[in-house]
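Written out below as structure tokens is the structure these notes cover.
The values are calculated or read from the model by the stated rules, or taken from the named source; none is laboratory data. For clarity, every value in this text was computed on a predicted model and none was experimentally measured. Please note: Cβ atoms are built from the backbone with ideal geometry, for glycine as well, and neighbour counts cover all protein chains shown.
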Amino acid sequence: MKIAVCIKQVPTRDWQPRVNDARSWIRDADVTFEMNEPDAYALEEGLRLKEKHGGEVVVCSVGPERVAQVLREALARGADRAIHVEDAAAAAADAFYIADALAAAVRDEQFDLILTGLQSDDQGFAQTGVVLAERLGHCHATIIMEVDASSGGLRVKRELEGGWFQWVSMPLPAVLTIQSGINQLRYATLKGIMAAKKKEIRRAAVPAGLVARQTIAALYAPEKAKRTELIPGPTADAARTLVARLRDARVIS
């Protein structure tokens, strides 16, 4: 089985975001980065499918030169090779832009299965995998909690609302977006880290004429406001007024 896993490099969760001077994105000059958590689970699922059914796992990412860091990490965990679509502007790009760039890079590879994380920790669109499936003409399923691959097809378990799950059968090729917690993550071994240095990272360019459909008009930290209001009058009247306002705010019923 030939499997592609799309991964993204995102700021570490414990970093305190700071907006750049143009208010268009974060100040990434002083940021430490890591692999997007849902993508890490997608990578692990791809590696497990390879171990069970054979084949290869290829990791793909769109972004500036620093993205090679997470690609090497994925190779150290067990991926066979990588595809890096180099684009300095992709860090803040929308889901359509990323999906189109990935589709152009992987189309000729003829992958049987493409895995992505459910969403990214920085922007959280949860649309890249869905748009990628549309661009490639593949069937897809989202919020996957279990993957059972058989000859010529898949049976996947989807997480629904209210604690419900759904089993879906689908043919290959397919695109799946993986939910965090689907498996237990592995970590790179020293042997894997040394082997990753010899594995191929193929460079690819963004398709000519590709432009973002969305742009960030302004980015800012949540504004905190505090206002104190005194309710005048006798205690009983003030209490009734307070209860009425709490009900209006749906704090109490």
Qualifying positions in region 106-132 - hydrophobic (A, V, I, L, M, F, W, C), over 24 Å from Gly55 (Cα atoms) and not in a helix (DSSP H, G or I): Phe125, Ala126
Criterion (in contact (Cβ under 8 Å) with a residue 24 or more places away in the chain, surrounded by 14 or more Cβ atoms within 10 Å (Cβ to Cβ), more than 14 Å from the chain's Cα centre (by Cα) and within 30 Å of Trp25 (Cβ to Cβ)) met by exactly one of Ala105, Ala95, Ala126: Ala105
Residues within region 26-60 that are farther than 30 Å from Asp148 by Cα and surrounded by 14 or more Cβ atoms within 10 Å (Cβ to Cβ), tallied: 4
Selected residue (criterion: farthest from Thr215 (Cα to Cα)) from residues of region 61-72 that are buried (at least 17 other Cβ atoms within 10 Å of the Cβ) and in contact with a helix residue (DSSP H, G or I) (Cβ under 6 Å, 6 or more places away or on another chain): Arg72
Single residue of region 188-200 satisfying the filter (more than 30 Å from Ala95 (Cβ to Cβ) and not basic (Lys, Arg)) that is surrounded by the fewest Cβ atoms within 10 Å (Cβ to Cβ): Leu190
The listed residue being touching a His at 6+ places or on another chain (Cβ under 9 Å), surrounded by fewer than 14 Cβ atoms within 10 Å (Cβ to Cβ), closer than 30 Å to His84 by Cα and of a type in the set (Lys, Arg), out of Arg213, Arg203: Arg203
Complete set of residues in region 222-241 that are within 30 Å of Arg18 (Cα to Cα) and β-branched (Val, Ile, Thr): Thr228
Asp148, sole failed condition from (1) touching a strand residue (DSSP E or B) at 6+ places or on another chain (Cβ under 8 Å); (2) in contact (Cβ under 8 Å) with a residue 24 or more places away in the chain: (2)
Residue under evaluation Gly162, criteria (1) over 19 Å from Ala82 (Cα atoms); (2) part of a strand (DSSP E or B), criterion not met: (2)
Hits in region 3-25 (condition: surrounded by 17 or more Cβ atoms within 10 Å (Cβ to Cβ) and farther than 15 Å from Glu73 by Cβ): Ile3, Ala4, Pro11
Residue match in region 170-177 (condition: free of Cβ contacts under 8 Å to residues at least 40 places away in the same chain, surrounded by fewer than 14 Cβ atoms within 10 Å (Cβ to Cβ), out of contact with any Lys or Arg (no Cβ under 8 Å at 6 or more places or on another chain) and closer than 30 Å to Leu49 by Cβ): yes
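Residue-wise test of (1) hydroxyl-bearing (Ser, Thr, Tyr); (2) surrounded by fewer than 21 Cβ atoms within 10 Å (Cβ to Cβ); (3) within 14 Å of the chain's Cα centre (by Cα).
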| residue | (1), (2), (3) |
| --- | --- |
| Ala74 | no, no, no |
| Arg77 | no, no, no |
| Ile83 | no, no, no |
| Glu86 | no, yes, no |
| Ala91 | no, no, yes |
Condition met for Arg213 (outside any loop (DSSP other than H, G, I, E, B) and either under 30 Å from Val58 (Cβ atoms) or touching a residue at least 40 places away in the same chain (Cβ under 8 Å) (or both)): no
Near pairs, Cβ below 8 angstrom, 6+ apart or cross-chain, from region 220-233 (among the aliphatic types (A, V, I, L, M)) to any residue that is at pLDDT below 85: Ala221/Pro17; Ala221/Val19
Candidate set: region 207-232, residues that are within 22 Å of the chain's Cα centre (by Cα) and among the β-branched types (Val, Ile, Thr); chosen: the one farthest from Phe125 (Cα to Cα): Val211
